[in-house]
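Peer 1: My questions all concern the structure below.
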Amino acid sequence: IVVAISYLRLEEREREQEAVTRDVEYAQQRLRLRLLERQEQLMRLAREISNREIDRGEFLFQAESLIGQYPELMSISWVDARRRVIATYASPSAPAAQTRSADQVISTGETDGSFELARDLRQPIYSRPLPGEMGQSILMLQVPLSEQGRFGGVVMGEYLVDGLLRFGIPPEVMARYAVALLDDRQKVLAGSLQQT
């Protein structure tokens, strides 16, 4: 009887572990898909700028629309090749210290090298999670612009990592587990871990 009970407990533990693994993989897949969808929207916007199909006013209109649709997006900026902000739109809930203004020049350290990588590789580049206001982390996406084959700047999307957790992780997973997003050094970027 003791062996049978032990065996059943072991089986149950294995099933629970498989369920957790399945839920984590599902959450990762949903978050990846959400980021990819936003990236495609920003790439479309960058293509329209590169083809001179939209001007500054239309960019602001489209950026406002995207931020209204996707609450994890904190701001979208059009930045030229010299790092000068041409136009930017920030979410009304974005911290004041995180908002940019037109003609502001973005310093090298602000993008953690992602601007340079986007320029050199001519493909969308995500930054490492960067520290933001009040301990919130920010993730930047740099989508390069092309002006007749030359680098013309980027469309820069800034995500609140906390927003990615809140809106990117399926609610059914959030209801079952304590969920947190960690960086490569196991530092908590959003959410909380239960101490064991």
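Peer 1: Relative contact order, percent, of the chain when contacts are C-alpha pairs under 8 Å separated by at least 6 residues? Don't jump to the answer; show the numbers that get you there.
Peer 2: Numbers: 294 pairs, mean separation 38.5, N = 196.
Answer for the chain is 20 percent.
Peer 1: In whole Hz and in residue order, list the ³J(HN,Hα) couplings for region 41-55 that follow from phi through the Karplus curve 6.51 cos²θ - 1.76 cosθ + 1.60, θ = phi - 60°; x for Gly and Pro.
Peer 2: For region 41-55, the Karplus curve yields 5, 5, 5, 4, 4, 5, 4, 5, 5, 4, 7, 6, 7, 10, 10 Hz.
Peer 1: Please compute the per residue accessible area over region 61-149 with all protein chains in place, 1.4 Å probe, rounded to a whole number of Å². Before the final figure, lay out each step's value.
Peer 2: Details: 4320 Å² over 89 residues.
The answer is 49 Å² per residue.
Peer 1: A further question follows. Most fluctuating residue of ARG56, ARG47, ARG176 in a GNM of the chain with Cα springs under 10 Å: which is it?
Peer 2: ARG176
Peer 1: Moving on to the next point. Does region 91-131 classify as rounded, prolate or oblate by the C-alpha gyration tensor (a ≥ b ≥ c root eigenvalues; a/c under 1.5 gives rounded; else a/b over b/c gives prolate, otherwise oblate)?
Peer 2: Values: a/c = 2.14, a/b = 1.73, b/c = 1.24.
Cα axes put region 91-131 in the prolate bin.
Peer 1: Let me ask something else. Consider the candidate values (i) 17.5; (ii) 16.7; (iii) 18.5; state which one is Kirkwood radius over Cα pairs in Å computed from the structure displayed.
Peer 2: Computed from these coordinates, Kirkwood radius over Cα pairs in Å corresponds to label (iii).
Peer 1: So, one more: Compute for region 38-115: radius of gyration divided by Kirkwood radius, i.e. Rg/Rh, restricted to C-alpha atoms, rounded to two decimals. Spell out each step's value before the answer.
Peer 2: Numbers: Rg = 12.2 Å, Rh = 13.0 Å.
That ratio is 0.94, to two decimals.
Peer 1: In a GNM of the chain with a 10 Å cut-off on Cα contacts, which of ARG15, ARG166, ARG83 has the highest mean-square fluctuation?
Peer 2: ARG15
Peer 1: What are the residues whose amide H is under 5 Å from the amide H of LEU145, where those residues sit 5 or more places off or on another chain and H is modelled from the backbone?
Peer 2: Answer set, sorted by chain and number: GLY152, GLY153, VAL154, VAL155.
Peer 1: Another question about this same structure. Per DSSP H run of at least 4 residues, take -39500 (n - 2.57); add these up for the chain, divide by its residues and hand me the 222 nm value, nearest 500 deg cm²/dmol.
Peer 2: Values: 5 runs with 85 residues, N = 196.
Result for the chain, helices only: -14500 deg cm²/dmol.
The values are calculated or read from the model by the stated rules, or taken from the named source; none is laboratory data. What you are looking at is a predicted structure, and each value in this text was computed from that prediction instead of being measured. Ligands, DNA and RNA are excluded from the accessible area calculation, which covers all protein heavy atoms including side chains. Shrake-Rupley method; radii C 1.70, N 1.55, O 1.52, S 1.80 Å.
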